[in-house]
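Working notes for the structure below.
Rule-based calculations on the coordinates, nothing more; no lab input. Everything numeric here is computed off the predicted structure, so don't read it as measured data. Heads up, the Cβs are rebuilt from the backbone with ideal geometry, glycines too, and the neighbour counts pull from every protein chain shown.
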């Protein structure tokens with residue numbers, strides 16, 4: 001743990017694209033410093049030493065955990081190894097930040113979360129978009145609105161990069177599931193998903209996912225590694241407004257359309273008749289605070305360690321996302337059949353399509 005005024009010592013396991021950025025960010029924060037890097041690839045360790053002189057490097061996790069001055073570990077390895085690496089770091093008494101997804105199995109995600117709680121350690125999941133100022137602004141609009149949310153939809157497409165450990169649905173939809181859960185302060189009860197292996201690389205590289213939340217709110221996510229049009233957009237359609245988050249629009253990341261339609265609660269004119277009220281207003285583009293989401297996330301991790309508080313993207317938030325991803329896999333295997341999202345280790349169950357109401 002931190003002693004006196006000493007900055008928290010951070011170790012990074014997995015020195016790939018995200019590992020490099022974590023080392024950079026923690027070295028830019030006054031409250032911490034990156035003291036060690038672990039990777040099985042010798043050339044990556046050499047690169048770490050070249051770019052960050054003085055950092056301790058190790059090819060074995062055991063060697064890393066024995067190094068003095070490490071208070072917390074960031075796990076940036078492939079998703080399938082998240083559980084084993086994070087479990088060993090927690091057992092060594094280190095706070096842990098795990099890149100998304102927390103694990104690939106619900107039982108493992110739950111075990112890590114419960115273990116961290118029992119030992120008083122911070123376990124945080126790197127759902128970085130939750131720390132994006134524009135997503136926070138969308139959340140602010142939703143919390144202030146008086147109307148109803150009808151549905152959300154997200155598009156996350158590009159030509160790769162193609163992962164070796166997970167398919168495109170696990171790689172890309174994880175972001176939007178976390179965003180939807182955050183905005184709605186809820187988790188879906190069922191999932192329906194289809195995927196295709198259009199690139200013939202052995203795993204789904206295109207997917208369409210539908211999510212059912214309480215109050216009949218629907219979510220829909222389209223992901224692709226095979227679309228030449230790069231898109232990162234989340235849309236929230238409400239009875240009185242439409243809110244758009246476009247991560248690729250540097251000037252107008254959030255746009256608020258004061259337009260909507262809702263039923264008028266009056267006596268019907270005749271059987272089956274009803275009235276709708278259409279609202280047409282301004283289009284607003286709020287000023288968004290300029291900040292790096294990854295740096296916001298890392299700073300929040302340090303604050304949670306210092307104060308002993310629960311992260312915004314806690315282990316349980318990570319568990320909820322993994323539950324959805326596992327239900328999504330089962331739905332894909334059943335050609336899009338609606339599958340119930342498991343609760344507390346309960347097995348997923350197929351819900352008859354005819355039962356949807």
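Things to note:
- For q = 0.11 Å⁻¹, Debye-computed log10 I/I(0) when each Cα of the range 157-248 counts as one equal scatterer: -0.33
- Springs between Cα atoms under 10 Å define the GNM used for the chain, and in it the highest mean-square fluctuation of 286, 263, 101 occurs at 263.
- Three-way shape call for the range 152-192 based on the alpha-carbon gyration tensor, with the a/c threshold at 1.5: prolate
- Among 316, 190, 18, the residue with the largest mean-square fluctuation in a Gaussian network model of the chain, with springs joining Cα atoms closer than 10 Å, is 18.
- More than 22 angstrom apart: percent of Cα pairs within the range 29-161: 53
- Helix 174-184 vs. the chain, principal-axis angle (Cα, 0 to 90°, nearest 10): 60
- Put in order of Cβ neighbour count within 10 Å, fewest first, the listed residues 145, 328, 66 become 66, 145, 328.
- Comparing mean-square fluctuations of 163, 299, 279 from a GNM of the chain with C-alpha springs under 10 Å, the top value falls on 279.
- Using alpha-carbon coordinates, inclination of helix 293-307 to the longest axis of the chain, degrees: 70
- Using alpha carbons only, the radius of gyration of the range 67-113 set against its Kirkwood radius gives Rg/Rh = 0.96.
- The Rg/Rh ratio for the range 13-103, using Cα coordinates for both the radius of gyration and the Kirkwood hydrodynamic radius, is 0.92.
- Rounded if a/c under 1.5, otherwise prolate or oblate - the range 91-242, Cα gyration tensor axes: oblate
- Estimated [θ] at 222 nm from DSSP helical runs (n ≥ 4, -39500 (n - 2.57)) normalised by residues in the chain, nearest 500: -9500 deg cm²/dmol
- Taking a ≥ b ≥ c as the square roots of the Cα gyration tensor eigenvalues, the range 120-171 comes out oblate, since a/c reaches at least 1.5 and a/b does not exceed b/c.
- Angle in degrees between helix 42-51 and the longest Cα principal axis of the chain, rounded to the nearest 10: 90
- Residue separation of residue 148 and residue 105 scaled by 0.36 nm, minus their Cα-Cα distance, works out to 12.1 nm of gained length.
- Each residue, residue 278 and residue 92, gets one label point 7 Å from its Cα in the Cβ direction; the gap between the two is 6.3 nm.
- For the range 216-343, the fraction of C-alpha pairs more than 16 angstrom apart is 80%.
- Extension gain for the segment residue 50 to residue 259, taken as residue separation times 0.36 nm less the Cα-Cα distance, is 69.8 nm to one decimal.
- Distance histogram in 10 Å bins (all Cα pairs of the range 1-55, percent per bin): 26, 54, 18, 2
- Spin-label model, residue 60 to residue 30: label points 7 Å out along the Cα-to-beta-carbon direction sit 4.0 nm apart.
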